[in-house]
1. Going through the range 345-362 one residue at a time, which ones are surrounded by fewer than 24 Cβ atoms within 10 Å (Cβ to Cβ) and over 14 Å from residue 101 (Cα atoms)?
2. Name every residue in the range 209-240 that is more than 21 Å from residue 126 (Cβ to Cβ) and either in contact with a strand residue (DSSP E or B) (Cβ under 6 Å, 6 or more places away or on another chain) or at pLDDT below 95 (or both), in order of residue number.
3. Kindly evaluate residue 158 against the criterion of being assigned to a helix (DSSP H, G or I), free of Cβ contacts under 8 Å to residues at least 12 places away in the same chain and either more than 30 Å from residue 312 (Cα to Cα) or touching a strand residue (DSSP E or B) at 6+ places or on another chain (Cβ under 8 Å) (or both).
4. Which count do you get for residues in the range 89-121 that are on the phi < 0 side of the Ramachandran plot and either within 16 Å of the chain's Cα centre (by Cα) or crowded, with 22+ Cβ neighbours inside 10 Å (or both)?
5. Looking at 279, 268, 290, which one is over 14 Å from residue 42 (Cβ atoms) and free of Cβ contacts under 8 Å to residues at least 40 places away in the same chain?
6. Take the range 296-344 and flag every residue that is in a loop (DSSP other than H, G, I, E, B), buried (at least 22 other Cβ atoms within 10 Å of the Cβ) and at negative phi.
7. Looking at the range 262-271 only, could you name the residues that are assigned to a loop (DSSP other than H, G, I, E, B) and surrounded by 12 or more Cβ atoms within 10 Å (Cβ to Cβ)?
8. Name the one entry in 49, 45 that is outside any helix (DSSP H, G or I), crowded, with 24+ Cβ neighbours inside 10 Å and at negative phi.
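The values are calculated or read from the model by the stated rules, or taken from the named source; none is laboratory data. In this text, all values refer to a predicted model and were calculated from it rather than measured experimentally. Positions of Cβ are backbone-derived with ideal geometry, glycine not excepted, and every protein chain shown enters the neighbour counts.
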């Protein structure tokens, strides 16, 4: 097993401590959310839990284990979320699910996101944890992601006028017990069908023996990562009052950069709304999603240093880096118009029994197929 990297480990620990100290004055809620973000980063790194790579292996016939782990995560999250969402509160604090209209913007946005994540080599969460682990290319992808998300925010008035169904959660429409049974049954069917696909056993690697060293330094199996992520997502729900999300922060960061360059937000319909205007005028560390995303970066950095896996690198060629950044722009634009990425729209949406989460993944998979073809055509793999 690689040696602990003292320099990156100490630097990451200092960044985690600074993040906690910076939000300390906002009270225990924000401190808890920063801590959850750090734990999410550690989990994503130790389990190498990526969505883009999972879909790539699925579509190329190289195994389904990672996608099956996603199904496990969704099933666990559905069971954890349901009692709280059905109640609508947790110890007096209002709790809401990730519910959004299912329509043309979600379908097109998710399709574009699917293309982008294959060009970039990472999704929303994957970009964060890979950047935190030292992949310079993903730092550039993150910047491009922010630019694409901000660009899409300038067009939201147009996208919101396109046809879409009213936001609907199966839990509200059918009753929560029926909705949960229906989703769990569908998860079981999908899990079984995946296991019958050609090449399904290609990634059936031996189980990693449990040990204290494995717990602390990794690697973790995809299944362990899935269950831990589901638990941390549940903690996010009850502490934040809403499910785990990622890409709103990228939109906000892009807008703040634009303001610094002289952009005037007053003319934008999207940024004139109360929540967006207040977020833009406030500090980054006042925003829940921003704090958690920074926590993910710091947590992945910490885990990489501890596991001896911090390896700063940019990319094989300048061309590969440019294509990855193009993918970042596509992901940012797609995530904004689709009400989120693989986490905020797909995972949190389905765990909330929202129809738009199912539409998201049904559109993102064909987009991933197109993205893989484009990637191969560009001959950069």
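1. Once the filter is applied, which keeps residues that are surrounded by fewer than 24 Cβ atoms within 10 Å (Cβ to Cβ) and over 14 Å from residue 101 (Cα atoms), the range 345-362 yields 361, 362.
2. Those that are more than 21 Å from residue 126 (Cβ to Cβ) and either in contact with a strand residue (DSSP E or B) (Cβ under 6 Å, 6 or more places away or on another chain) or at pLDDT below 95 (or both): 209, 210, 211, 212, 213, 214, 215, 216, 238.
3. yes
4. Here the count works out to 20.
5. 279
6. Within the range 296-344, 310, 338, 341 meet the criteria.
7. Taking the range 262-271 first, the residues assigned to a loop (DSSP other than H, G, I, E, B) are 262-264, 268-271.
Once the filter is applied, which keeps residues that are assigned to a loop (DSSP other than H, G, I, E, B) and surrounded by 12 or more Cβ atoms within 10 Å (Cβ to Cβ), the range 262-271 yields 263, 268, 269, 270, 271.
8. 49
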